[in-house]
1. With the checklist (1) closer than 30 Å to A:R108 by Cα; (2) surrounded by fewer than 16 Cβ atoms within 10 Å (Cβ to Cβ); (3) of a type in the set (S, T, N, Q) in hand, flag the one item A:Q257 doesn't pass.
2. Listed residues B:D168, B:D157; which is within 28 Å of B:A262 (Cα to Cα), open to solvent by 40 Å² or more (accessible area, probe 1.4 Å) and not in a helix (DSSP H, G or I)?
3. Name the residue that is farthest from the other protein chains (Cβ to nearest Cβ), counting only residues in the range A:90-110 that are within 16 Å of ligand 1 (Cβ to nearest atom) and assigned to a loop (DSSP other than H, G, I, E, B).
4. Would a scan of the range B:41-57 turn up a residue that is under 21 Å from the mean Cα position of the chain (by Cα), at the interface with chain A (Cβ under 7 Å from one of its Cβ atoms) and not hydroxyl-bearing (S, T, Y)?
5. When the range B:20-52 is examined, which residues are found to be outside any helix (DSSP H, G or I) and in contact (Cβ under 8 Å) with a residue 60 or more places away in the chain?
6. Here's a check for you: in the range B:301-318, which residue that is assigned to a helix (DSSP H, G or I) and not small (G, A, S) is nearest to A:A176 (Cα to Cα)?
7. Which condition from (1) surrounded by 24 or more Cβ atoms within 10 Å (Cβ to Cβ); (2) free of Cβ contacts under 8 Å to residues at least 12 places away in the same chain; (3) more than 11 Å from chain B (Cβ to nearest Cβ) is the one that A:G17 breaks?
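The values are calculated or read from the model by the stated rules, or taken from the named source; none is laboratory data. Computed from a predicted model, the values in this text were never measured in an experiment. Here the Cβ is made from the backbone with ideal geometry for all residues, glycine too, and neighbour counts use every protein chain on show. These area figures cover heavy atoms from the full protein model, side chains too; ligands, DNA and RNA do not enter into them. Shrake-Rupley method; radii C 1.70, N 1.55, O 1.52, S 1.80 Å.
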2 protein chains.
Amino acid sequence: MSSPRQLNLNAFIYPGGHHEAAWRHPDSQPGRIYDVAYYQEIGRTAEAAKLDAVFFADGPALRTNVEHNAGSGLEPITLLTAIATATTHLGLIATASTTYYEPYNLARLFSTLDHISGGRAGWNIVTTGTDLAAANFGLAEHPSHAERYARAREFVDAVVALWDSWEDDAIVLDQAAGIYADPDKIHPIDFVGEYLKVRGPFNAPRTPQGYPVLVQAGASNDGRAFAGKYAEAIFTAHQRLEDAQAFYSDIKAKARQFGRDADHIKILPGISPFIADTEAGAKKLEREFNELTVPEYGLKQLEGIAGKSLRHLALDEPVPVELFSDAGDVTDNARSRLQVVAGIVQRERPTVRGLLHRLAGARGHRVFAGTPEQVADTIEEWFRSGAADGFNIMPPYYPGGLEVFAETVVPILQQRGLFRTEYTGTTLRDHFGLPRPESQFARRPALAQ
Amino acid sequence: MSSPRQLNLNAFIYPGGHHEAAWRHPDSQPGRIYDVAYYQEIGRTAEAAKLDAVFFADGPALRTNVEHNAGSGLEPITLLTAIATATTHLGLIATASTTYYEPYNLARLFSTLDHISGGRAGWNIVTTGTDLAAANFGLAEHPSHAERYARAREFVDAVVALWDSWEDDAIVLDQAAGIYADPDKIHPIDFVGEYLKVRGPFNAPRTPQGYPVLVQAGASNDGRAFAGKYAEAIFTAHQRLEDAQAFYSDIKAKARQFGRDADHIKILPGISPFIADTEAGAKKLEREFNELTVPEYGLKQLEGIAGKSLRHLALDEPVPVELFSDAGDVTDNARSRLQVVAGIVQRERPTVRGLLHRLAGARGHRVFAGTPEQVADTIEEWFRSGAADGFNIMPPYYPGGLEVFAETVVPILQQRGLFRTEYTGTTLRDHFGLPRPESQFARRPALAQ
Ligand SMILES: Cc1cc2nc3c(=O)[nH]c(=O)nc-3n(C[C@H](O)[C@H](O)[C@H](O)COP(=O)(O)O)c2cc1C
Ligand SMILES: Cc1cc2nc3c(=O)[nH]c(=O)nc-3n(C[C@H](O)[C@H](O)[C@H](O)COP(=O)(O)O)c2cc1C
């Protein structure tokens with residue numbers, strides 16, 4: 001008898017919490033966001049709840065609007081290494097940019113994280129959302145969306161080839177004969193693309209997982225095509241079940257078109273849960289957070305998404321629908337976020353303040369306020385109706401918001417047989433039910449070194 | 001009464017040990033070089049002995065000659081993060097290349113290590129010795145020595161400016177008023193050089209040490225000038241006291257020329273000690289290791305240094321002196337190593353096998369076989385005679401070679417009042433007696449963000 005299909009659940013760590021005003025709330029701990037013990041504690045909480053992984057976003061630029069918002073900027077692979085040493089099973093997923101890194105350097109960081117953690121690393125592949133990064137890397141402008149994805153494809157091909165370049169049995173370790181490694185099992189990759197050239201071989205052996213899990217988080221057409229080909233898990237943002245279902249079947253179909261097993265690409269929408277004993281209590285908690293927002297901050301963020309000045313808007317007037325009806329002069333990388341906002345405006349006709357509150361929760365991800373049962377119900381509904389293989393949990397505040405999810409929602413999902421009560425494997429691939437890939441060089445004739 | 005001048009001692013970690021045949025010796029543990037616990041144990045041994053720091057070399061390419069040699073290739077900043085979580089005081093120094101990294105990315109990695117470790121990070125700045133790296137980064141060739149150092153100067157200027165870009169008091173954390181940070185205390189760096197352009201600001205606050213300790217390890221004229229200007233510690237290779245003295249006074253003079261306090265640049269030659277109860281026992285141990293070398297390996301390494309084929313040489317004939325008398329067609333980055341080899345050949349007139357054994361110990365660094373007293377004596381002699389402020393300890397084999405140093409030599413140095421018996425501070429700057437730098441922006445008028 002095979003076990004029933006299981007949810008995958010990640011904790012998306014965001015310094016003070018995902019709600020933009022979390023750092024002002026007494027239940028958050030913004031004074032600890034540069035303290036490694038804070039992240040290690042969060043990791044232990046996630047592991048005690050048997051979550052699949054923790055996940056960090058990232059971008060190589062200072063976020064705008066720093067005056068009213070607590071953010072860390074700490075480099076996530078390093079941070080995950082520290083969490084790795086405080087845990088034993090928890091998956092460790094870091095976002096990193098194919099636009100602003102060199103493949104050899106990034107391959108080494110993730111490979112080392114996979115070695116150190118005994119096979120728990122995942123890479124959330126992004127092309128970088130923020131234009132601000134360009135000037136930190138000597139570029140006059142952020143490369144176009146199409147160019148970024150073209151480079152991303154080459155980048156992933158090169159990095160995976162590097163990770164594959166030592167066959168699994170390349171290390172011989174024959175002390176008597178003086179043979180450490182078999183050079184015939186270590187391959188130059190000779191990657192030549194339009195954007196990247198990488199000769200290899202890599203300078204370290206294959207990792208416990210073969211290579212880290214490839215995760216992706218872009219929703220544009222290019223992003224989806226990329227995901228269909230490469231991604232083993234996708235983080236995505238949907239407000240409504242029907243949108244999530246459409247996305248889910250689109251991605252699974254794309255994966256099949258690439259000849260892949262659709263079960264080997266896990267689709268994980270974000271959900272930011274406010275949880276209390278009663279629904280009214282949960283909604284009150286959400287309001288409490290929303291009331292701590294600084295409208296000046298939210299408006300600036302919204303201007304970034306809209307690509308136009310919004311300073312003239314009155315907070316308690318309805319949002320003019322036409323403001324978000326065209327893509328205007330928005331940068332192409334904000335387009336998928338703009339669509340989320342346009343959808344909210346058209347469906348809900350909120351006031352400006354109302355829209356700011358809607359977005360304050362999790363930057364366009366779905367916010368849900370309810371009892372533990374209600375949170376479990378919506379998770380189960382999406383899971384059973386072809387909208388999700390699991391979720392990226394985005395607690396509005398840390399660490400408490402993860403603790404309450406772990407203590408109240410996870411046990412319900414476990415009772416329903418939807419979520420593991422013990423880890424059944426030791427690697428992130430095990431948790432996600434993904435196969436360990438064979439090296440692409442394993443069956444090729446040996447190359448001279 | 002001020003305390004007497006104290007030695008600085010680092011443990012230079014090399015996977016199986018610094019002796020090239022260490023991995024074949026029963027006292028080494030080559031099967032553990034991809035196991036993080038191995039490195040954490042070494043870190044704990046170093047910390048129990050109150051050493052200043054552990055140190056990793058690095059290069060973004062597979063070493064040649066991998067068949068007969070155990071090397072890790074693990075990324076050192078990640079590895080040091082894991083060691084950071086297993087220790088509380090030990091300094092953590094990683095080598096990283098200014099030629100093959102982007103300043104913003106590297107600044108983030110070291111900044112995060114300094115945050116995570118509570119101020120224990122150091123950066124060994126190199127321009128990368130191996131030509132092989134170029135092809136891993138899409139370059140047709142390794143940039144010239146002069147170009148590499150020109151870029152290195154810009155790189156360090158940019159990285160330090162990034163680290164300084166948040167003044168120490170930029171975080172306000174006023175929850176009631178909704179002010180997280182003071183934007184007037186966060187500065188763009190607007191760095192524009194010939195090789196690099198970096199706008200900034202950095203995306204994380206200043207670190208416990210202000211910024212990581214700047215270490216350097218190049219011995220050419222360009223390297224020394226660079227060190228005189230930037231380095232707060234220098235790793236260096238000398239076979240003889242008089243060479244070390246000449247280097248020491250040259251560097252201290254250069255630092256003074258740059259208007260610096262010469263005490264704020266610590267000069268740390270390498271020493272690879274074989275230690276036993278008797279001198280004869282120590283020399284026997286050294287022979288035991290040398291007899292495990294694979295001559296084919298050593299010859300290939302030597303060809304790399306010499307820049308010519310040496311395959312015709314008979315192992316038990318004397319090395320022809322003229323072979324190393326000119327710099328030949330050697331690449332400029334091997335030149336300082338070639339000089340070390342030429343010196344050995346001229347002074348000692350060894351056989352080919354003898355030379356290979358001389359170099360097998362620590363790649364041109366000084367190998368010393370003796371009793372604990374004798375090791376302590378030579379350390380004290382160099383320390384008191386203007387040749388060294390301390391040492392980079394390079395155990396021939398790990399972990400045992402560090403353990404015996406920690407257990408037998410360190411107590412002697414402590415009894416002589418030359419080395420601390422307890423840490424007197426918590427940061428690497430504290431251990432090295434270096435001041436915490438003020439942000440270069442602290443006294444400038446605020447810039448608009
Ligand atoms: C859950 C989630 C997390 C994301 N994290 C990041 C991130 O950390 N850094 C980033 O640059 N983009 C991030 N993105 C944005 C996308 O990955 C992508 O860069 C952007 O949306 C442009 O791609 P697209 O046009 O294909 O959507 C994230 C998206 C999602 C859904
Ligand atoms: C103790 C020590 C460690 C070194 N470690 C590295 C290293 O890890 N990576 C590297 O590329 N070069 C390393 N070097 C070499 C130099 O830093 C430098 O790259 C090379 O010697 C060229 O510079 P130079 O011509 O100024 O000597 C090391 C040198 C010494 C003395």
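1. The one condition A:Q257 does not meet is (1).
2. Among B:D168, B:D157, only B:D168 is within 28 Å of B:A262 (Cα to Cα), open to solvent by 40 Å² or more (accessible area, probe 1.4 Å) and not in a helix (DSSP H, G or I).
3. A:T98
4. No.
5. Once the filter is applied, which keeps residues that are outside any helix (DSSP H, G or I) and in contact (Cβ under 8 Å) with a residue 60 or more places away in the chain, the range B:20-52 yields B:E20, B:A21, B:H25, B:D27, B:S28, B:Q29, B:A49, B:K50, B:L51, B:D52.
6. It comes out as B:Q301.
7. Every condition holds for A:G17 apart from (2).
Quick grid of which residues meet (1) assigned to a loop (DSSP other than H, G, I, E, B); (2) within 16 Å of ligand 1 (Cβ to nearest atom); (3) over 15 Å from B:T78 (Cα atoms):
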residue: A:T88; (1), (2), (3): yes, no, yes
residue: A:H115; (1), (2), (3): no, no, no
residue: A:N124; (1), (2), (3): no, yes, yes
residue: A:A134; (1), (2), (3): no, yes, yes
residue: A:H142; (1), (2), (3): yes, yes, yes
